[in-house]
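The next block holds one structure in the form of structure tokens; read it before the comments.
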Amino acid sequence: MPQKGRQEEKYFFDKPENVRRVIHSLVVICVLLFALDFVLHRHSSHPWEHMPGFYAFYGFIGCVLLVIIAKWMRMFLKRPPDYYLKEKQGDKINTEQTGKAGGKDVAP
């Protein structure tokens, strides 16, 4: 909670108009790059690379696949909800047993 007399520090993305500016800038950049796709000649090695918007489509599919793979990996990488709680409780038990902060790993 901020103290009286002190102003809370404002960051760039705290203002909604700055968020809108960044999003609009990214949209404009994407549209310009897509438009340049029709104008610039590319030296490609595969026939499908000549399709307009191929790299945008390829990038979108790549991002979707990354999200799907990450969700799949989460099933076997995630920890139980009380994983860190158990660790803290175990540290508390070690402190009570040894009488030292930090348990048995603390040097004398």
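Since every read-out is calculated from the coordinates, none of them should be taken as a lab result. No experiment lies behind these values; they were computed from the predicted model shown. Cβ coordinates were reconstructed from backbone atoms using ideal geometry, including for glycine residues, and neighbour counts include every protein chain displayed.
The conditions of being free of Cβ contacts under 8 Å to residues at least 24 places away in the same chain and touching a helix residue (DSSP H, G or I) at 6+ places or on another chain (Cβ under 8 Å) are not met by F60. Of everything listed in (1) of a type outside the set (K, R); (2) in a helix (DSSP H, G or I); (3) surrounded by 10 or more Cβ atoms within 10 Å (Cβ to Cβ), the single unmet condition for F13 is (3). Taking into account only those residues within segment 34-50 that are among the aliphatic types (A, V, I, L, M) and under 19 Å from F60 (Cα atoms), which is surrounded by the most Cβ atoms within 10 Å (Cβ to Cβ)? For segment 34-50, the residue satisfying everything is A35.
The residues in segment 48-85 that are within 30 Å of F34 (Cα to Cα) and of a type in the set (D, E) can be counted, and the count is 1.
Can you say whether A70 is within 18 Å of the chain's Cα centre (by Cα), among the small types (G, A, S) and surrounded by 10 or more Cβ atoms within 10 Å (Cβ to Cβ), as far as the supplied structure shows? It is true that A70 is within 18 Å of the chain's Cα centre (by Cα), among the small types (G, A, S) and surrounded by 10 or more Cβ atoms within 10 Å (Cβ to Cβ).
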